[in-house]
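Asker: Pasting in a structure now, in structure tokens, and then I'll have a few things to ask.
The values are calculated or read from the model by the stated rules, or taken from the named source; none is laboratory data. Bear in mind that the values here come from a model prediction, so they are computed numbers and not experimental data. FYI the Cβ positions are ideal-geometry reconstructions off the backbone, even for glycines, and counts take in every protein chain you see. Areas reflect the complete protein model, heavy atoms only, side chains present, ligands, DNA and RNA absent. Shrake-Rupley method; radii C 1.70, N 1.55, O 1.52, S 1.80 Å.
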Amino acid sequence: MVFYFNLSNEESKRRLTNRLLYISKQRGFLELDLVLGSWVENHIGSLDVKGIKSLIIVLDLENPDLWKWLTGQEQPLKAIETNPAVIKQFCVWVSV
């Protein structure tokens, strides 16, 4: 999933938020839909541009790879680790 985003106005922010929420909740893997969709819904408003870029990378992962990462079977990709605050926030939230 490659797309460009513009956060210069409220309409663009709203569209991006809606698109990322939809993508996170409609993956076709029930557990990921619930976990990832809930996290995005609760945290997308607090993400900066770097956080949004990290989220897009996460959303671009294949479901099995993402599930292995979320369940601790594998380490996150280097590209995701570029924003440790988002990763830490997500990992803490998932483990609760």
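Asker: Cβ under 14 Å from Gly37's Cβ, Gly37 left aside: what net charge do those residues give with Lys, Arg +1 and Asp, Glu -1?
Answerer: Working: positive: Arg19, Lys25, Arg27; negative: Glu31, Asp33, Glu41.
Taking every Cβ under 14 Å from that of Gly37, the sum is 0.
Asker: Residue by residue through the stretch 43-49, what is 3J(HN,Hα) from phi via Karplus (6.51 cos²θ - 1.76 cosθ + 1.60, θ = phi - 60°)? Round to whole Hz and write x for glycine and proline.
Answerer: 10, 4, x, 9, 7, 8, 4
Asker: Keeping the other protein chains in place, figure out the carbon and sulfur percent of the accessible area of the stretch 1-73, with a 1.4 Å probe.
Answerer: Details: 2230 of 4440 Å².
After summing per-atom areas, the C and S share lands at 50 percent.
Asker: What does the net charge come to around Asn6 if you take all other residues with beta carbon closer than 14 Å to its beta carbon, with K and R at +1 and D and E at -1? Provide the component values of the computation, followed by the final result.
Answerer: Working: positive: Lys13, Arg14, Arg15, Arg19, Lys53; negative: Glu10, Glu11.
Summing Lys and Arg as +1 and Asp and Glu as -1 gives +3.
Asker: If R₀ is 25 angstrom, what is the calculated FRET efficiency for the pair Tyr22 and Glu62, using the beta carbon separation as r and rounding to 0.05?
Answerer: Values: r = 18 Å, r/R0 = 0.72.
Taking R0 as 25 Å, the efficiency between Tyr22 and Glu62 is 0.85.
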